[in-house]
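Worksheet: one structure, shown below.
Computed from the coordinates by the stated procedures, all read-outs in this text should not be read as laboratory data. Not measured: the values here are computed from a predicted model. Here the Cβ is made from the backbone with ideal geometry for all residues, glycine too, and neighbour counts use every protein chain on show.
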Amino acid sequence: MKYWLLWCLLLGGIPPAQAGPTINTHYKYYWIYPKNKQDLGKALDKQSPIISNGQKYRGHTQWQVNWHYWWYENPNSCKITKVKTALTVTYTLPRIAENYRVDAETRQSFDRYWQALFNHEQNHKNSGLLAARAIEKALLNLVAFPTCQQLQTTANQIGNNWVQKYRQRDVEYDRHTDHGRKEGVMLTN
């Protein structure tokens, strides 16, 4: 029985179970020093290192998907038997230093803002996660190719296409939410 299962897996008759993407998360913080609640916006704009297309932003999520696949080759064909993806996410976010003296109202206002900003940034991370899952599924569903070189070229093209699709999703998401403002990423919330 176990040889039959191994034979089916090698020939692609039964797709192997996938654990899903591994996720590695990193945080980069920039420190702000507001004098009071009214100074939060100025402090965020002054200290933020995030600039894109000449515009300054207060939060950013960078994601990258890597994929690796294994195949079975016989004299006439080459077929993927296993796919593994890894998502690396780096958030860049503001912080008020814990030892920086600021009144409770300012810290609470910042904390509310920060949570809304982080929720928005997590939705950007979700684009990367969706891309990783789509790549795994698409590569596992590839048919056999006459050569492994053709398989590799096609598989990598498919992976890159999914990444581009979900990068565009990020652009549309920011446009639709006005970079999170429509989701409450405002200091006046």
Which pairs do you get when a residue that is exposed (fewer than 14 other Cβ atoms within 10 Å of the Cβ), found in the stretch 85-110, comes within reach of a residue that is of a type in the set (Ser, Thr, Tyr), reach meaning Cβ atoms under 7 angstrom, with the pair 6+ apart or on two chains? Tyr100/Tyr33
Considering only residues of the stretch 92-111 that are of a type in the set (Val, Ile, Thr) and either part of a loop (DSSP other than H, G, I, E, B) or over 28 Å from the mean Cα position of the chain (by Cα) (or both), which is farthest from Lys35 (Cα to Cα)? Thr106
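Quick test for you: out of Thr188, Thr154, Thr147, Thr177, pick the one residue that is within 27 Å of Gln38 (Cα to Cα) and out of contact with any helix residue (DSSP H, G or I) (no Cβ under 8 Å at 6 or more places or on another chain). Even if it seems obvious, please write down each step before you answer.
Values: Thr154 fails: within 27 Å of Gln38 (Cα to Cα); Thr147 fails: within 27 Å of Gln38 (Cα to Cα); Thr177 fails: out of contact with any helix residue (DSSP H, G or I) (no Cβ under 8 Å at 6 or more places or on another chain).
From the options Thr188, Thr154, Thr147, Thr177, the qualifying one is Thr188.
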Condition check: among the hydrophobic types (A, V, I, L, M, F, W, C), buried (at least 19 other Cβ atoms within 10 Å of the Cβ), part of a helix (DSSP H, G or I) and out of contact with any helix residue (DSSP H, G or I) (no Cβ under 9 Å at 6 or more places or on another chain). Does Leu139 satisfy that? no
Here are Thr153, Thr106, Thr147, Thr92: which of them is among the polar types (S, T, N, Q) and under 26 Å from Asn24 (Cβ atoms)? Thr92
Within the stretch 33-85, can you find the residues that are aliphatic (A, V, I, L, M) and part of a strand (DSSP E or B)? Ile50, Ile51, Val65, Ile80, Val83
